[in-house]
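Below: the structure, in structure tokens.
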Amino acid sequence: ARIIGLVSEVDEEKIAELLQAILFLKETGTDPVDFYISTYGGSADDMFCLYDMMNHIKPDMEIRTIGIGKVMSAGTLLLAAGTKGQRSIGRHCRVMIHAVNAGSVGDLHSIENEVKAVKHMQDLYVNAMSTETQMTKRQIQKLIDRKVNVYLTAEEAIEYGIADKLI
């Protein structure tokens, strides 16, 4: 079997390792890849880096995502981005969705610019989640607008279309 895993924070170093692994696997055949995910989340920029790469190679190579333990924040989109019908989740896995987090200091113009950038990132996330799941943009926004971390059971993640089946 061809296996990769994200069992850490979503950060530049870990995503760089995963990109290299995915590119290597793509060069060595088209057999499916099992992608195990257990993460509290991390960087939205790095999440989108891996998300774009997954979408780039999915036409040539099935990516079977498997959520185990915890799939939170940035990890939720990565679980949902697996090949449809091939996204599994552990019965005891906790899934969490929330608004994009950011912090900034500096002069007013810099902070206003940062707020625009974060809102744009939030829009990208909502659009991507609605593409990958059975949720509408409005449903996702409603969850995010609760202004808290929204925790889902494995069964709820399947209902929302983040995963397809229990393991």
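The values are calculated or read from the model by the stated rules, or taken from the named source; none is laboratory data. It should be emphasised that the depicted structure is a prediction, and the values quoted were computed from it without experimental measurement. A quick note on method: Cβ atoms are made from the backbone with ideal geometry, for glycine too, and the neighbour counts reach across all protein chains shown. Note: accessible area is taken over every heavy atom of the protein model, side chains too, but ligands, DNA and RNA are not part of it. Shrake-Rupley method; radii C 1.70, N 1.55, O 1.52, S 1.80 Å.
The test for being hydroxyl-bearing (Ser, Thr, Tyr), open to solvent by 80 Å² or more (accessible area, probe 1.4 Å) and in contact (Cβ under 8 Å) with a residue 24 or more places away in the chain holds for residue 30. Scanning the stretch 45-61 for residues that are buried (at least 17 other Cβ atoms within 10 Å of the Cβ) and not in a helix (DSSP H, G or I) turns up just one, 61. The selection criterion, being closer than 27 Å to residue 35 by Cα and either in contact with a Gly (Cβ under 9 Å, 6 or more places away or on another chain) or in a loop (DSSP other than H, G, I, E, B) (or both), holds for residue 135.
Looking across 101, 113, one residue alone is open to solvent by 10 Å² or more (accessible area, probe 1.4 Å) and either under 20 Å from residue 42 (Cα atoms) or touching a Pro at 6+ places or on another chain (Cβ under 9 Å) (or both). It is 101. The condition (being at pLDDT 95 or above and on the phi > 0 side of the Ramachandran plot) is satisfied by just one residue among 90, 161: 161. Among the residues making up the stretch 66-97, a single one is part of a loop (DSSP other than H, G, I, E, B) and among the β-branched types (Val, Ile, Thr): 83.
All told, residue 38 meets the bar of being under 14 Å from the mean Cα position of the chain (by Cα) and open to solvent by less than 40 Å² (accessible area, probe 1.4 Å).
Scanning the stretch 74-88 for residues that are touching a residue at least 60 places away in the same chain (Cβ under 8 Å) and either more than 17 Å from residue 129 (Cα to Cα) or open to solvent by 20 Å² or more (accessible area, probe 1.4 Å) (or both) yields 84, 85, 86.
I'd like to know if the stretch 126-146 contains one or more residues that are under 18 Å from residue 11 (Cβ atoms) and surrounded by 17 or more Cβ atoms within 10 Å (Cβ to Cβ). Within the stretch 126-146, none of the residues are under 18 Å from residue 11 (Cβ atoms) and surrounded by 17 or more Cβ atoms within 10 Å (Cβ to Cβ).
Here's the yes/no breakdown for (1) closer than 20 Å to residue 2 by Cβ; (2) β-branched (Val, Ile, Thr):
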| site | (1), (2) |
| --- | --- |
| 79 | yes, no |
| 92 | no, no |
| 102 | no, no |
| 106 | no, no |
| 113 | no, no |
| 118 | no, yes |
| 125 | no, no |
| 138 | no, no |
